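Everything on this sheet refers to the single structure shown next.
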Amino acid sequence: MSALADAARPRTDGDLADLRHTLRERKAALLAGFLAAPSSARAATTLIRALARLVDRTLATLWAQAGVPAGAALVAVGGYGRGELFPYSDVDVLVLLPAAPDDAARGAVERFVTACWDTGLEIGSSVRTVDECVAEAARDVTVQTALLEARRITGHRGLFERLHAATSAAMDARAFLRAKTLELRQRHVKYEGTPYALEPNCKESPGGLRDLQVLIWIARAAGLGRTWRELAAKDLLTPFEAAQLRKHEGTLRLIRARLHAVAGRREDRLVFDLQTAVAESFGLKATRAQRSSELLMHRYYWAAKAVTQLNQILMQGIEERVLGTREAPMRPITARFLDRGGMLEVARDDLYLDNPHAILETFLVFQQTPGLQGLSARTLRALYNARRVMDARWRRDPLNRELFMDILRQPRGQTHALRQMNATSVLGRYLWVFRRIVGRMQHDLFHIYTVDQHILMVVRNVRRFFIPEHAHEYPFCSQLAAEWDQPWILYVAAIFHDVAKGRGGDHSELGAREVRRFCRDHGVAREDARLIEFLVREHLTMSRIAQKEDLSDAAVVQDFARRVGSARTLTALYLLTVADIRGTGPRVWNAWKGKLLEDLYRLTLRALGGAQPNLAAEIEARKQEARQQLALHSALPGTEEPLWKTLDVSYFARHDAADIAWHARSLWRHIQTAVPVVRARLSSAGDGLQVLVYSPDRPDLFARICGYFDGAGFSIQDAKVHTTRSGYALDTFQVVAAASPPSSQAGYRDLISLVETQAVKALASAGPLPEPRSGRVSRRVRSFPVTPRVSLAPDERAQRWLLTVSASDRSGLLYAIARVLARHHINLQLAKVSTLGERVEDTFLVDGAELQRPKAQLQIEAEILDALAAPVA
C-alpha cells in the first residue's frame, strides 16, 4: 500500500521545475548540435527521432507521477506516433482507458495533462476507451489516420494491443483510400495546386511531406507495407524509386527541421522573412546572379517536384491494387500505346529503353488522342526510369527534333502536352537550357511563379488566343490570332523568352542566342527563325514603351515602327507581350495596361502602313470627332470654343477625341473659375475612374492631387498634365481603388460623387503640404526590397527632362515624389505610373528652371532617393 500511495503522491512544483529545466536544456542541446553539424538528411532524421525519445521519457515520468490507473495506456498518435518530432511540432497523445473513467481516474488524467503543459510540452490530448476510438474513427477519417500510426509510450501493453487489433479489424481500405484521395485533392487546392508556390508549406503543399505520408497511410491501411522498402518488395516501387523517395523525403525533413530551428516556433511555411536565414543555416551563399534564398528554394522545388511525380506514380499503383483494376480492359491506340480507362499506357515497361524515340512520341499521341486525361502509373514509371537514355545523343537525334516540332505544330493540346513533359522532367531533359530554370524563383516583386511555371503559363495564354471558346477574354487578341497562320512560332518564342533568367546579364539577349541555336538545330526556316529571335530579344520592348513613353509623341511611335519593321512582327510581339504580362501574376495585368498596349499597336500599325505623321491633320480630325461626340450629348454648337481657345497643340496631341469632348462638356461654364473643378467618370479602359482636375495653377497642385488620391485609397495609373494659356491646370488621371471596387452602377455613382466633392475640398486648401503618411509594405517587399533608383536626363530634343524612378511599391510613394518636385518648382508635363506587382517604375516628363543647374539636379535626385527610402511601417 505504501508503494501505491507513493505513486499517487502529487508532484511538487520543484519536481516540475526540474523536469521543465531538463527538457529545455536537452532540447536546446539537440538543436544546437543539429545547427552546428553539416546539413544532411541523416542529421535531420537523427534530430527528430532524438526529440521524440526525449519527449517519450518526459511523458513517461509525468505519467508515473500523475498516478494514472495501472490499466490505462499512454499512446502517441499522428506524426509523433511515427517516432518523429520536429523541433516545435505538437505532441499528440491518446490517453487510452480500459473503461469509462471514474472521478479518481479523471482527476489523474487532468493532473497529467496539466503537468505536461507546466513542463513546457504543448500536447494535443484525447481521452477514450477502445470502443470509443473505433466509433470515432468510423466517423472521422482524421482520427482514423492518427490511430493508424499509434505507438505505445507507457502503460498497459495489452490494452494497446486491443486497440491495434480493433482499429485494424474496422479498417475499410477502399473507403479509406477514397477519403484520403479526396482529402489530398482538397489540400492541394487550398495550397495553390502547385509545388512552386512563393511561400510553400513544406509539410502541406503539393510535393510536401504530407504527400509522402498519405502514401504510407493508404499502403498501411491496405496491408501493402509500412516503409518504402516494403512497398518495393510488393512491386509497387522499383528500388530506384524507393531510393529517390528516401532521398527527397530526407531533403524535405531537413528543410522543415531547419525552418523550425531558425524560426524558434512551429513554422512550416517557407515565408519570405525566413528564407534567407534558413538558406544561410545551410551554408548557402549568394552569387552574382542569385540570392541565397533563391538557391534554397531551387533545392526545395526540385525535391517537391520529384515527390509530386513519385506520388502520382505510387498513388495510381496503390489504387489499382486496392480497387482491383490492374486487369481492366485496354483499348489499343498504336502498337506502342494503349488507352487504360482514359490514361495513356505504354504497351511494355521497357519501351523507352528499347526505343527512346517513343519518349516524345508519348506526348504527341497524348495530344492526338481524344479522351485521354493523363498518363498511367505504368507510363509515368517508365518515363521516370528512362532518364538515363535522355542524354545528349537523344537530344541531337533528328527524329526526336522532328517529333518535338510536331508537338508544337499540332492544332491543339500544346499546353497540356508541355505541362506533362515538364511534370515528368522530359521537357528539361530535351531542352537542356529549360532544365536550368526549372524551379528557379524570381524575386522581382511581380512574378509569382517560378520561371518554368511562368513560361508554361505564357504558352497557355498564347494558346488561348487561338481557341474560340476563350475569345471573350481578350477579343482583340483573339481577332488578331484568327488571322495568324503559324501559332507554333509564338509557342517557341514563349518557351524561350525567359529561358536565360538567373544567369546574370541581359536574359533577353541571352535567350535570343539560345533560340537562334534551337531554330538552327530544328530546321526552322530562316525568315521564321529571324522573327522568333526578334520576339525573344524584344519581348520587353512593347510593354516598356507603352507604359513609360509618351504615345502622343509621333517620334516615339515612328521609332518603334522602325524597330518592328512589319505588321506581322508587330502582331506577334503584341500577342506575346499580352500573354507575358498576363502570365506574371493576377495583380500585374489591368485594363489600363491593356489599353496602352492596344493604343501603341494601333498607332504603330498606322505608321507601318505608310501614314506619315501630319500633326495638324491629326488634330483637326480629333477636333471634328470631338464635335460629333458633343453633338451626341446634345451640346450646343460652339460649346467647345471657350476651352479650346486656351489650349495649344500639345493638349490635342495628347488626348483622344473622347477625352477632348468630355473636357469641353465639363468645363465650358468654368473657364475662369476661381475654385477647382473636379469631374470623374468610369474609365473607358474598364478599370477604375478617369478624373479631370481643372484649377488655377500653382506649384504644389500636382502634389496636392496625389496627396488626395493617396489619402482616399486610390492608386494613380496614369496622369496627363497640361497648363492652359490662361494659367489653368487641366490634368487627367486614371485611378483605381486600392480596395475592392463597387459591385454595382449605383456604387460607382456614389464613388464618383464622393471623389468630386472631397477632391475639391482637398485642392482648395492653402496650408502647407501634409507629411506623407507611413507607407505599409508587404512581407515580400520587406524580404526582397528593390534598391531605389532615380535617373534624370534631358529628352532627345533637350527641351524637357525625363525623370525615371524605380522602387518597391508602397502607399504614398507618388505623393512623396510629388512633394519633392513641388518644393523645387518643377513642372510636370506627363506621368507614366507603372506598377509591376509590388515594384513601381514611374516615368515623368518635367521642366523647370532648377533643372538647368547641375547642383540643383543632384539635390533633386538625392531628395527623391531619400523619399523612396523613407522608413516604412
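Of all residues being over 15 Å from Gly223 (Cα atoms) and in contact with a Phe, Trp or Tyr (Cβ under 9 Å, 6 or more places away or on another chain) in the range 145-172, which is surrounded by the most Cβ atoms within 10 Å (Cβ to Cβ)? Just the residue, please. If we take residues in the range 145-172 being over 15 Å from Gly223 (Cα atoms) and in contact with a Phe, Trp or Tyr (Cβ under 9 Å, 6 or more places away or on another chain), then Gly155 is surrounded by the most Cβ atoms within 10 Å (Cβ to Cβ). Suppose the filter is surrounded by fewer than 21 Cβ atoms within 10 Å (Cβ to Cβ) and acidic (Asp, Glu); does Asp211 pass it? Spelling it out, it is not the case that Asp211 is surrounded by fewer than 21 Cβ atoms within 10 Å (Cβ to Cβ) and acidic (Asp, Glu). Among the residues of the range 27-61, those identified as of a type in the set (S, T, N, Q) and either open to solvent by less than 10 Å² (accessible area, probe 1.4 Å) or part of a helix (DSSP H, G or I) (or both) are Thr45, Thr46, Thr58, Thr61.
Conditions tested, residue by residue: (1) within 20 Å of the chain's Cα centre (by Cα); (2) of a type in the set (Asp, Glu).
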| site | (1), (2) |
| --- | --- |
| Pro239 | no, no |
| Leu245 | no, no |
| Val278 | no, no |
| Gly283 | no, no |
| Met297 | yes, no |
| Leu310 | no, no |
| Ile333 | no, no |
| Gly342 | no, no |
| Asp354 | no, yes |
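When you go through Arg679, Arg627 one by one, which is the residue that is assigned to a helix (DSSP H, G or I), open to solvent by 30 Å² or more (accessible area, probe 1.4 Å) and at pLDDT 90 or above?
On the way: Arg679 fails: assigned to a helix (DSSP H, G or I).
Unique residue meeting the criteria: Arg627.
If you take the residues in the range 788-838 that are of a type in the set (Gly, Ala, Ser), in a loop (DSSP other than H, G, I, E, B) and within 19 Å of Asp866 (Cβ to Cβ), which one is modelled with the highest pLDDT?
Looking only at the range 788-838, we keep the residues that are of a type in the set (Gly, Ala, Ser), and these are 791, 793, 798, 806-808, 811-812, 816, 818, 822, 831, 834, 837.
Next, only the ones that are in a loop (DSSP other than H, G, I, E, B) stay: 798, 811-812, 837.
After this cut, where a residue has to be within 19 Å of Asp866 (Cβ to Cβ) as well, the list is 811-812.
Values: Ser811: 70, Gly812: 75.
The qualifying residue modelled with the highest pLDDT is Gly812.
In this entry, Pro38 passes the filter for residues that are modelled with pLDDT under 95 and either over 21 Å from Ile123 (Cα atoms) or within 43 Å of the chain's Cα centre (by Cα) (or both).
Could you list all residues from the range 645-660 that are open to solvent by less than 10 Å² (accessible area, probe 1.4 Å) and either under 42 Å from the mean Cα position of the chain (by Cα) or polar (S, T, N, Q) (or both)? Working first, answer last.
First, pick out the residues of the range 645-660 that are open to solvent by less than 10 Å² (accessible area, probe 1.4 Å): 647, 651-652, 655, 657, 660.
Selection gives Tyr651, Phe652, His655, Ala657, Ile660.
Considering the range 721-767, the residues that are open to solvent by 50 Å² or more (accessible area, probe 1.4 Å), at pLDDT below 80 and part of a loop (DSSP other than H, G, I, E, B) include one that is nearest to Gln672 (Cα to Cα), namely Ala766. For the range 300-318, the count of residues that are open to solvent by less than 10 Å² (accessible area, probe 1.4 Å), hydrophobic (A, V, I, L, M, F, W, C) and over 20 Å from Ser205 (Cα atoms) is nonzero. A single entry from Gly14, Gly67 fulfils the requirement of being at positive phi and either modelled with pLDDT under 90 or touching a His at 6+ places or on another chain (Cβ under 9 Å) (or both): Gly67.
This table checks each residue for (1) buried (at least 18 other Cβ atoms within 10 Å of the Cβ); (2) modelled with pLDDT of 95 or more; (3) over 24 Å from the mean Cα position of the chain (by Cα).
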position: Glu192; (1), (2), (3): no, no, no
position: Trp217; (1), (2), (3): yes, yes, yes
position: His260; (1), (2), (3): yes, yes, no
position: Phe272; (1), (2), (3): yes, no, no
position: Gln290; (1), (2), (3): yes, no, no
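Which residue out of Asp866, Asp842 is at pLDDT 75 or above and outside any helix (DSSP H, G or I)? Outline the logic, then answer.
Details: Asp866 fails: outside any helix (DSSP H, G or I).
Testing whether each residue is at pLDDT 75 or above and outside any helix (DSSP H, G or I) leaves just Asp842.
Under the condition of being in contact with a Ser or Thr (Cβ under 8 Å, 6 or more places away or on another chain) and acidic (Asp, Glu), which residue from the range 242-292 is nearest to Pro38 (Cα to Cα)? Only one residue fits best here, namely Glu280.
Listed here are the strands (runs of 3 or more DSSP E) enclosed by the range 62-169 that have at least 3 residues being of a type outside the set (Gly, Ala, Ser): 91-97, 123-129, 151-155.
Taking only the range 633-667 into account, find how many residues are closer than 19 Å to Val721 by Cα, of a type outside the set (Asp, Glu) and not in a helix (DSSP H, G or I). Before you say what the answer is, go through the steps one by one.
If we filter the range 633-667 for residues that are closer than 19 Å to Val721 by Cα, which is where we start, we get 643-667.
Now drop any that are not of a type outside the set (Asp, Glu), which leaves 643-647, 649-655, 657-658, 660-667.
Filter again for not in a helix (DSSP H, G or I), leaving 645-647, 655.
Residues that pass the stated criteria total 4.
Arg20 - would you say it is modelled with pLDDT of 90 or more and open to solvent by 90 Å² or more (accessible area, probe 1.4 Å)?
Values: modelled with pLDDT of 90 or more: yes; open to solvent by 90 Å² or more (accessible area, probe 1.4 Å): no.
No: the conditions fail for Arg20.
Here Tyr430 passes the criteria (1) touching a Lys or Arg at 6+ places or on another chain (Cβ under 7 Å); (2) without any contact (Cβ under 8 Å) to a residue 40 or more places away in the chain except the one numbered (2). Across the range 71-87, the qualifying residues are those that are over 16 Å from Arg162 (Cα atoms) and among the small types (Gly, Ala, Ser), and the one among them that is surrounded by the fewest Cβ atoms within 10 Å (Cβ to Cβ) is Gly83.
Test Ile716 against the criterion of being surrounded by 21 or more Cβ atoms within 10 Å (Cβ to Cβ), among the β-branched types (Val, Ile, Thr) and either touching a Leu at 6+ places or on another chain (Cβ under 9 Å) or under 25 Å from Pro770 (Cβ atoms) (or both), and give yes or no. Yes; evaluated as a whole, the condition is true for this residue.
Could we say that Ala104 is modelled with pLDDT under 95 and loosely packed, with under 15 Cβ neighbours inside 10 Å here? Answer is yes for this residue. Of all residue pairs spaced 6 or more apart or on separate chains, those with beta-carbon atoms under 6 Å, a first member in the range 225-245 that is among the aromatic types (Phe, Trp, Tyr) and a second member that is surrounded by 19 or more Cβ atoms within 10 Å (Cβ to Cβ) are Trp228/Ala242; Trp228/Leu245. None of Leu851, Leu845 is crowded, with 19+ Cβ neighbours inside 10 Å, within 16 Å of Ser791 (Cα to Cα) and over 39 Å from the mean Cα position of the chain (by Cα) except Leu851.
The values are calculated or read from the model by the stated rules, or taken from the named source; none is laboratory data. Everything numeric in this text was worked out from a predicted model, so none of it was measured. Cβ atoms come from the backbone with ideal geometry, glycine included; neighbour counts cover every protein chain shown. What goes into the accessible areas is simple: the full protein's heavy atoms, side chains included, and nothing from ligands, DNA or RNA. Shrake-Rupley method; radii C 1.70, N 1.55, O 1.52, S 1.80 Å.
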